[in-house]
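Everything below concerns the one structure shown next.
Derivation of every value follows stated rules applied to the coordinates shown; laboratory data play no part. Keep in mind it's a predicted model, so treat the numbers as computed, not measured. As a convention, Cβ positions derive from the backbone with ideal geometry for all residues, glycine included, and neighbour counts pool all protein chains shown.
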Ligand code: YSA
């Protein structure tokens, strides 16, 4: 039986040297060291031996068992080391190669323009606040002196989203002006705020109209505020935004929430007022609506119009970008064309 032990030893070592994968190694372990493996089978047969031979063969078989277990462990470690070395080799990095520069994004041109606008007004002492895009009819129209049935509502049609169980009509705001009333309800004069934000209109899109776009709103209310303050504020803003030599023009315009209302234009920064394609040969570019806050709007917000007066203004953010960068189609802003967006690396 000692011969059998030696035969198992020789065969086990030969096969172990041939095992090159974890799976083959496991098969080997089952075959030679497993419960029904060659060695255990042999040990089970010890009982058939004469009593004097049993200890000798038993000792030899157990020695071989320890030897094979050690050999198995050694082989396993060698295979793991080999696999690790192969993985490292496959992952080798050539650190002498030039690096790949990461693709760095840039702020959307609309965000950039909102920042530019708000930074100018912040430097003039205005606070910057934002408000809800989902708005009550009350703030979007009624409190701005646009009651139900008022013809101005046609100009600002929108997406109505009144909840089924609500008596109060709800909509996506058509302009940032509702924030005028919301702010005055909360804050008593002096008030000086600028509100940038997204607005919505039920509108067919074309090169200059989107149904989702951005506006900014300005509001200043205090005792003794006059048109001269509006003029000075817009004048300073226009020069910082469109160039130090700019002149501004106020012409009468109508918005139900101001009295008087004006349309603000800046002399053309491309032709200096001589007339070109940007200003459509007029020498002037309209940039904002503005005016003195209507006394009724102050009343709606709980502010006494006999004591306080205010001015307000509002403009389109994308339209500012279009004018300054000479972009001829507003739809480019939301087209997600990377070739367009890349041109606005700040
Ligand atoms: C007027 C007087 C105030 O005291 C305060 C605010 C205002 C502005 C007013 N709330 C308003 O919304 N006027 S507006 O309908 O003429 O729009 C203002 C600006 O938004 C426009 O001058 C234009 O620049 C932009 N705009 C309007 N419709 C647009 C648009 N931009 C892109 N797509 C559209 N569909």
Given an 8 Å cut-off on Cα distances and at least 6 residues of separation, report the relative contact order of region 222-346 as a percent.
22
Report, in whole Å, the centroid distance computed from the Cα atoms of region 155-176 and region 271-317.
25
Residue 36 to residue 124: extension gain in nm, 0.36 nm per residue of separation minus the Cα-Cα distance?
22.7 nm
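Using a Förster radius of 35 Å, what is the FRET efficiency between residue 166 and residue 249 based on their Cβ-Cβ separation? Nearest 0.05, please.
In this case the efficiency is close to 0.20.
Find how much the distance from residue 133 to residue 59 grows on full extension, using 0.36 nm per residue of separation minus their present alpha carbon separation; answer in nm with one decimal.
On the way: separation 74, 0.36 × 74 = 26.64 nm, distance 8.76 nm.
Once the chain is fully extended between residue 133 and residue 59, it gains 17.9 nm.
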Need one number: convex hull volume per residue for the chain, Cα atoms only, in Å³.
295
Contour minus Cα-Cα span, residue 227 to residue 281, at 0.36 nm per residue, comes to 16.6 nm
What is the projected area of the convex hull of the Cα atoms of region 122-202, averaged over all directions, in nm²?
6.1
Between the helical axis of 22-33 and the dominant principal axis of the chain, each derived from Cα atoms, what acute angle in degrees is found, rounded to the nearest 10?
30
Relative contact order %, the chain, counting alpha carbon pairs below 8 Å whose residues are six or more apart:
15
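Which percent, nearest 5, of DSSP beta bridges in the chain are antiparallel?
Bridges in the chain are about 95 percent antiparallel.
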I need the peptides 264-275, 226-237 ranked by packing, meaning the mean over residues of other C-beta atoms within 10 angstrom, with the highest value on top.
264-275, 226-237
One finds, for residue 344 and residue 274 with R0 = 30 angstrom and r their Cβ-Cβ distance, a FRET efficiency to the nearest 0.05 of 0.55
